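Values quoted throughout were computed directly from the atomic coordinates according to the rules given, and no laboratory measurement underlies them. All of these numbers come straight from a predicted model, not from anything done at the bench. Every residue, glycine as well, gets a Cβ built from its backbone with ideal geometry; the counts of neighbours run over all protein chains shown.
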Ligand SMILES: Cc1cc2nc3c(=O)[nH]c(=O)nc-3n(C[C@H](O)[C@H](O)[C@H](O)COP(=O)(O)O)c2cc1C
C-alpha cells in the first residue's frame, strides 16, 4: 500500500501490477497485514469506530455510512450473524466492482475478513451476478489461496476467530442487487425486496442479523485499518471519506474506471481523466450515478462528485456510473433505453412500479414513433411523480427519476418529436449518435 | 412393508448430485441450494427442462413451485435449449449510445435468426440483454460468458466465422 503522504490511488494501485491478483503478489504489497492488525490488536468495536472515523460511505448507491451500519448489528444476539457482499453490480453504467474482483480479489477477501470480524460474523457470502462468471472464477481461486494460507477457515492468523467465505452466483435480475431482494435470492427465492423495517442489521439473511455492503465499500476497509480512519477521511471531502472508483462510459475518448479522491469535480473526471468528449464534439448531458440518477445538462457538471454535492445539484452519486452524452445524442431515444430497463426489471410486487414503469416506456415509444399527442410529456411527469416514494424498494424511484429529469431538462426535444414526428437532433446533424 | 424405491433421475445425474451435496454445508437452509443446484443442472445439460425442475424439487424435498418460480424469475436459467454459443448483446444505455441497437439487428440478420431462437445448425442463440457491466468496452457482447468489445460489424462477421470453424473442429 502507498504510504499515506504520497497517495495517488488505493484500490487501483493494485491494478497496475497483474501479479497483485495472486496471493504472493498481494502479500508482497503488504497484503493481509490489516487483517492481522484488526484480529490481533483491535477489538471489534475499535474496528467499527475506525471505520466511522473514516467517513466511509456505502458505494453501492445509497451512500450510507458503513461504520454506522455495522454498529446496528445487535452484539448480544444469540443468532449467527452474516456478512453479505453485494457483487451484483447491475446498475447500468457501473463496472468498477468487476475490476476489484478480477485484479484485486484478495483486497475484497481481506476487507471481508475485517468486516466480518467487526460484526462477529463467521460466515460471509459474496453474491456475484451470473454475468460475472469471470469474476467468480477468479475469486474462487483467490479464496482457495486464502484458505490454504490460513487467512480463512478455523483460527484465522493464529487467533481464535473462524470465518468461511462462500461465493453465491446470481442468475440475471437487476432487482437482486437491492439488498433485501439479494437476501431473498440468497435464500433461494425470487428476489422480491422486503418491507423495511426491520432492517437487515437486525432481521436479515435467514432471519439473522446481517450486514450488506458493496464490493468497493469492503475493498476500502483494509486501507482504513492500515492507515487509520482520520487519514482516510482526509483524502476526501467533508462527510465523504477516501477515494472513489468512478466508471466513465458513453461518448468519451477513454472510457474506464478512474480512482480519484472523493469529490473530484465531475468535469475534471470527464475531461482530464476520460479524455473529454469523443470525436471533437460538444458535451450535451451527463448521468453521474448510474442510469437511475437524474441527468445533468452540460452546464451543470461543475460539481464535486460526492454524495452530498451531487444531491445538492439535484442528482446523485449513486453507483458512480458516469454516462456521458455528446451533442448528437437523441435524448428521447436515450430515455427509451432507460425506461425499457426499469420496465423490464421491475419485480412486479408494487403496483405503481409494475404498471407505471411499462406505461412510461410505452409513452416514450409513442413519442419516438410519432404516435403521441402533446399531452404526453406532462402526463409522463405525472405518472413518474406517482411512482416516486410509493414502492417497497427504490427501483420505483429509479424508474421515475430519469423520466422526470429528461423530460424537464430536454422538453423541447420531446415536444419536437411529438409535433413533427421527426427527430430534431437528427435533422440538425444528419444522424444521431444513438441510433435505434 | 413398503420398500423404498430410489427415484430414477434423468437430469440429476450422480455428477450433478455430487455438486449439490458439496455445497450443502454452506447454507443453513436447503432452499438456498436451489440457485446453485439449478446452475449445476444447466451446466451439465445446457438448460433446465421442466422435468429437471421437478426432479430437483423431489431431490431437495421442496414443492416444485419453489423451483419453477426461481427458474422463471431469473433471466439466465434457460427454460428452452440454446445454441452452443450463446451471444448476449448488451442494449443498455452505454452500449446503445455507441450503436448497440444497430449491431443487434445486424447480428440477427447475419445469422438469419430471431432473438432467443437457435440457428438450424444448433450453433447460435442471440439475446439482447440489459447492462452486463462492461460499459468501458461498449458496444459489448458476451459469448458464453466471455466479454468481447468494443465490437463492430466486421468483428461480428469474424467472430461468427471463427466460432463456426471451431465448432467444425470439435464436432466428431
Ligand atoms: C433496484 C436496486 C438495485 C441495486 N443494485 C445494487 C447493486 O447491483 N450493487 C450494490 O452494491 N448495491 C445495489 N443496490 C444498493 C443496495 O440496496 C444496498 O444499498 C447496498 O448494497 C449497500 O451497500 P453499501 O452500503 O456498501 O453501498 C441497489 C439498490 C436498488 C434499489
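Quick look at the values:
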read-out: Nearest-ten-degree value, helix A:351-368 long axis tilted from longest Cα axis of chain A; value: 50 degrees
read-out: Per-residue Cβ neighbour rank within 10 angstrom, fewest leading, A:369, A:122, A:106; value: A:369, A:122, A:106
read-out: Mean separation of Cα contacts under 8 Å (6+ apart) over length of chain A, as relative contact order %; value: 15 percent
read-out: Footprinting exposure proxy for A:14, A:161 (fewest neighbouring C-beta atoms within 10 Å first); value: A:161, A:14
read-out: Pairwise FRET efficiency - residue B:79 versus residue B:167, Cβ, R0 = 30 Å, nearest 0.05; value: 0.80
read-out: Averaged over A:168-177, number of beta-carbon atoms from partner chains that fall within 10 Å; value: 5
read-out: Expected-Rg normalisation [2.2 N^0.38 Å, Cα atoms] applied to the range A:5-109; value: 1.21
read-out: The range A:128-195 pair-distance distribution - Cα-Cα, 10 Å bins, rounded %; value: 20, 35, 30, 15, 0
read-out: Debye-sum result for the range A:295-436 in log10 I(q)/I(0), which assumes one identical scatterer on each alpha carbon, at q = 0.11, 0.17, 0.19 Å⁻¹; value: -0.41, -0.97, -1.17
read-out: Overall form of the range A:4-234 per C-alpha gyration tensor (a/c, 1.5; a/b vs b/c); value: rounded
read-out: Relative pair counts by distance (%), Cα atoms of the range B:85-170, 5 Å bins; value: 3, 16, 29, 27, 16, 7, 2, 0
read-out: Convex hull of Cα atoms in the range A:278-318, direction-averaged projection (nm²); value: 3.0 nm²
read-out: For the range A:298-346, projected area of the alpha-carbon convex hull averaged over all directions, nm²; value: 4.3 nm²
read-out: Calculated Rg and Dmax of the range A:366-418 using C-alpha coordinates, Å; value: 11.8, 36
read-out: Least to most buried among A:317, B:86, A:186 (fewest other Cβ within 10 Å first); value: B:86, A:186, A:317
read-out: Sequence-separation-based contact order of the range B:85-170, relative, with Cα cut under 8 Å and 6+ spacing, percent; value: 36 percent
read-out: Cα-Cα separations in the range A:129-244 greater than 22 Å, expressed as whole percent; value: 52 percent
read-out: With 10 Å bins from 0: P(r) over chain B, alpha-carbon pairs, percent; value: 9, 31, 28, 21, 8, 2, 1
read-out: For the protein assembly as shown: Kirkwood Rh in Å [reciprocal of mean 1/r, alpha carbons]; value: 25.1 Å
read-out: Fraction of the pair-distance distribution of the range B:14-73 above 17 Å, Cα-Cα pairs, percent; value: 28 percent
read-out: Cα gyration tensor category, rounded, prolate or oblate, for the range B:69-109 with a/c compared to 1.5; value: oblate
read-out: With Cα atoms, 0 to 90° folded angle of helix A:331-345 axis to chain A main axis; value: 50 degrees
read-out: Label point distance in nm, residue A:77-residue A:239, each placed 7 Å from Cα along Cα→Cβ; value: 2.7 nm
read-out: Calculated FRET efficiency for the pair residue A:429/residue A:308, C-beta based, R₀ 41 Å, to 0.05; value: 0.65
read-out: Percentage relative contact order, chain B, counting C-alpha pairs under 8 Å, at least six apart; value: 17 percent
read-out: Debye equation applied to the C-alpha atoms of the range A:204-350, log10 I(q)/I(0) at 0.10, 0.16, 0.17 Å⁻¹; value: -0.41, -0.92, -1.00
read-out: Separation of the residue B:30 and residue B:152 label points, Cα + 7 Å toward Cβ, nm; value: 5.7 nm
read-out: Convex hull of the range A:242-329 built on C-alpha atoms - directionally averaged projected area, nm²; value: 4.7 nm²
